[in-house]
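Colleague: Would you mind keeping the following structure in view while I ask a few things?
The values are calculated or read from the model by the stated rules, or taken from the named source; none is laboratory data. Just so it is clear, the model here is predicted, and its values are computed rather than measured. For neighbour counting, all protein chains shown are included, and Cβ atoms are generated from backbone atoms with ideal geometry for every residue, glycine included.
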Amino acid sequence: MSAPGYPGRGDLLVATRSAGKLRELVPLLALHGWQAITLTEAGIDETEDEAGLEAFATFEENALAKARHFSALAGGVVLADDSGLVVDALGGQPGVHSKRWCGRPDLEGDALDAANNAHLLSALASVGMREALPPARYLCAAAAVWPGGELVECGETAGRILSVARGLGGFGYDPYFESVELGRTFAEVDRAEKAAVSHRGRAFRALLARLSEGRGTSGQAPATNLLSPVDPGRRLG
């Protein structure tokens with residue numbers, strides 16, 4: 001069901017169940033003048049079919065699949081992303097499988113993050129890279145879908161994988177991902193510092209800039225006739 005008043009206020013529905021992503025995206029959207037509506041606030045209960053939305057080989061396809069799914073339920077402008085860690089020494093893994101790479105569907109939140117990070121270190125050890133600080137990238141595809149239009153923008157940030165976690169913030173692989181630009185892990189910096197260089201921050205800033213091109217002076221949702229889909233190229237996970 002769609003939230004009362006949505007999308008007439010120019011709000012964006014953020015299609016994620018991840019508390020970590022919401023902590024990053026809601027302030028980012030507000031900084032750019034958009035009021036975020038969460039799935040909970042929109043009254044959209046979680047269903048079993050959501051687990052199968054990220055079934056594609058690229059970040060772009062997965063992000064669009066999520067945004068299309070929730071747009072069909074709520075209408076308006078729906079934002080979604082797919083993001084993950086890419087380690088060349090592991091053949092690009094975990095890529096689009098980053099969220100549940102450890103193979104533990106019974107885990108969520110911090111427990112799932114811990115299992116994924118343990119799996120990452122084990123995988124690096126198996127290829128002789130446990131202490132080598134291998135280069136890695138975070139990639140993100142951010143999608144917007146609304147009746148009659150779609151957009152996708154991508155963001156990327158470079159780093160390396162540490163053998164020992166540093167920092168208590170962030171989520172996912174952040175304690176082991178040392179940013180090249182910051183010289184610290186994403187778990188050691190505050191939200192604003194991370195957003196300035198992160199894959200998700202870059203992808204969503206680009207997406208919001210495109211959405212703002214079609215935004216009316218009254219602050220309404222984007223006018224679809226002012227926006228055209230973009231194809232940034234497939235980003236394999």
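Colleague: Quick one: would you say E153 is modelled with pLDDT of 95 or more and within 25 Å of L112 (Cα to Cα)? Lay out the reasoning, then the answer.
Modeller: Values: modelled with pLDDT of 95 or more: yes; within 25 Å of L112 (Cα to Cα): no.
Taking the combined requirement at face value, the residue does not satisfy it.
Colleague: Does R160 fit the bill of being among the charged types (D, E, K, R), surrounded by 14 or more Cβ atoms within 10 Å (Cβ to Cβ), in a helix (DSSP H, G or I) and modelled with pLDDT of 95 or more? Step through it out loud before you land on a result.
Modeller: Working: among the charged types (D, E, K, R): yes; surrounded by 14 or more Cβ atoms within 10 Å (Cβ to Cβ): yes; in a helix (DSSP H, G or I): no; modelled with pLDDT of 95 or more: yes.
Here the answer is no, as R160 does not meet what is asked.
Colleague: Still on this model: With (1) modelled with pLDDT of 90 or more; (2) assigned to a loop (DSSP other than H, G, I, E, B); (3) closer than 24 Å to R210 by Cα as the list, and A67 as the residue in question, which single condition is left unmet?
Modeller: Going through the list (1) modelled with pLDDT of 90 or more; (2) assigned to a loop (DSSP other than H, G, I, E, B); (3) closer than 24 Å to R210 by Cα, A67 breaks only (2).
Colleague: Sticking with this one: Filter the stretch 32-47 down to the residues that are polar (S, T, N, Q) and either modelled with pLDDT under 90 or loosely packed, with under 13 Cβ neighbours inside 10 Å (or both) and list them by number.
Modeller: Q35, T40, T47
Colleague: Next question. Which residue is nearest to L12 (Cα to Cα), if the candidates are limited to the stretch 112-155 and must be surrounded by 15 or more Cβ atoms within 10 Å (Cβ to Cβ) and acidic (D, E)?
Modeller: E150
Colleague: Still on this model: Out of the stretch 44-60, which residues are more than 16 Å from the chain's Cα centre (by Cα), not in a helix (DSSP H, G or I) and not charged (D, E, K, R)?
Modeller: I44, T47
Colleague: Scan V78, V86 and give me the residue that is more than 13 Å from the chain's Cα centre (by Cα), assigned to a strand (DSSP E or B) and closer than 30 Å to N117 by Cα.
Modeller: Criteria check complete, one pass: V86.
Colleague: In addition: Run L85 past the list (1) in contact with a helix residue (DSSP H, G or I) (Cβ under 7 Å, 6 or more places away or on another chain); (2) farther than 21 Å from S212 by Cα; (3) surrounded by fewer than 20 Cβ atoms within 10 Å (Cβ to Cβ) and report the number of the one that doesn't hold.
Modeller: Tallying (1) in contact with a helix residue (DSSP H, G or I) (Cβ under 7 Å, 6 or more places away or on another chain); (2) farther than 21 Å from S212 by Cα; (3) surrounded by fewer than 20 Cβ atoms within 10 Å (Cβ to Cβ), L85 fails exactly one: (3).
Colleague: Does at least one position in the stretch 11-31 carry a residue that is buried (at least 19 other Cβ atoms within 10 Å of the Cβ) and in contact with a Ser or Thr (Cβ under 7 Å, 6 or more places away or on another chain)?
Modeller: Scanning the stretch 11-31 turns up at least one residue that is buried (at least 19 other Cβ atoms within 10 Å of the Cβ) and in contact with a Ser or Thr (Cβ under 7 Å, 6 or more places away or on another chain).
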